[in-house]
Amino acid sequence: MRALLVSCICAGLLLAACTVPGYRVSTSDYHQTAPAPLPIKYDLTPVTPGLLVKLHAASAHTDTPQANPALQQALRDYRYRVGPQDVLNIIVWNHPELTLSQAQISALSNLTGGLMVSAPASQGSGFVVSAKGTIFFPYAGTVKVAGETVNQIRAQLSQALATYIKDPQIDVQVVGFHSQTYQLAGAVMKPGLYPLTNVPLTVSEAIASAGGVVNSLPSSGSGSLSDLMSLPLADLAHVILIHDDTRAVLDLRDFYLYGDQTQDQLIRAGDIIQVPNNSFDQVHLIGEVLKQGNYPMSNGSLNLAQALGEAGGINLTTSNPTRIFVFRGAYTQPQVFWLNARSPEAMLLATQFELRPQDVVYVASTGLADWNRVINQILPTVQTLYETKVLGNL
């Protein structure tokens with residue numbers, strides 16, 4: 001209660017101060033205590049209004065959706081190419097003798113070594129493409145269809161049947177898509193192996209067709225407490241797409257929130273889509289806070305004031321409010337941001353300072369007033385957290 005009262009009083013004083021005519025933010029406290037250099041290079045940057053303007057400009061998103069001409073062209077050019085185990089339905093119009101019945105297909109399948117069988121009942125009868133990529137069709141014989149589009153197969157059959165039928169009218173459809181698949185894994189509702197069809201599919205559409213991502217915990221009646229706690233939530237900002245030997249990371253959060261279509265891609269045969277859980281989207285609070293630990297970011301967003309609030313605030317007895325740090329980046333050359341919480345504008349600055357995934361927030365203790373002692377004490381912990389992050393992303 002005491003901490004809450006103090007916080008409310010401070011917040012009121014700060015807001016009142018900002019309304020005083022002629023009030024200006026002062027950064028003199030920062031410049032009076034500049035740190036001495038350390039063997040490990042680091043940039044120590046005070047959190048000031050000017051810094052917030054720069055950080056916001058660097059990370060700001062435009063309200064105008066970003067187009068993706070390459071993706072749109074790929075969607076227009078997409079043509080499904082038949083492969084082994086696909087099922088084709090072939091109709092020769094006005095020639096029912098070539099549109100085989102179920103019994104005829106079964107008999108011919110026995111004669112041709114299983115090159116032609118019936119498709120599932122809902123799809124009707126059809127021709128299964130053999131492992132060699134061929135089908136057998138009356139009067140046309142063995143026809144290679146693997147790697148061909150339905151239009152190319154139609155042209156082949158028309159040319160072959162033209163000797164026996166004047167101007168043959170042929171319809172070719174793929175009624176069983178079995179040769180090409182993609183894999184969807186991770187924090188989605190229905191992970192698994194999915195077929196590619198004659199309809200082009202993007203990564204965002206594939207996730208939607210699988211029921212969407214796991215973005216909330218189920219009700220308590222659906223499982224044990226341990227099961228509920230272990231259920232991952234999705235991290236749409238780091239969706240991984242693997243195609244052949246290439247690995248791309250897509251920020252589908254920007255796609256959904258800002259219409260950035262450059263973050264979406266066309267799925268091709270053999271692609272692997274991994275939607276990671278949100279263990280990456282968290283920040284680490286250590287030092288003189290009431291509840292040290294790892295705190296998740298809500299939809300990738302969390303400011304410094306919120307993070308400190310989640311940790312119960314700073315320890316008023318043991319902390320040094322003039323030494324609140326945010327460590328960001330690699331251990332070998334981290335960025336270190338410094339907030340002097342005793343400055344008049346501290347609370348306002350903290351609410352505007354947006355944290356990033358894997359930031360380390362450190363509140364120094366009362367006895368640590370020297371810059372080098374503060375930095376040297378915390379850097380080994382930052383190194384451990386950074387190495388854990390790197391190993392987790394391999």
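None of the figures in this text is laboratory data; all of them are computed from the coordinates on show. Predicted model only: the values in this text are computed from it and were never measured. Glycine gets a Cβ as well: all are built from the backbone with ideal geometry, and neighbour counts include every protein chain shown.
Packing here is the average count of other Cβ atoms within 10 Å per residue, and on that basis the peptides 88-95, 342-349, highest first, run 342-349, 88-95. Phi angles of segment 267-274 translate, via the Karplus equation with coefficients 6.51, -1.76, 1.60 and θ = phi - 60°, into HN-Hα couplings of 8, 10, 4, x, 5, 10, 10, 10 Hz per residue; Gly and Pro are given as x. Ranking of Ser365, Ser298, Ser319, Ser204 by neighbouring Cβ atoms within 10 Å, starting from the fewest: Ser298, Ser365, Ser204, Ser319.
Sorting check: for 352-358, 244-250, which peptide has the highest mean count of neighbouring beta carbons within 10 Å, and how do the rest follow? Could the numbers behind the result be given before it?
On the way: 352-358: 19.1, 244-250: 11.1.
Final packing ranking: 352-358, 244-250.
Which order, highest average first, do 274-286, 251-263 follow once you tally other Cβ atoms within 10 Å for each residue and take the mean per peptide? Working shown, then result.
Numbers: 274-286: 20.1, 251-263: 18.2.
Top to bottom by mean Cβ count within 10 Å: 274-286, 251-263.
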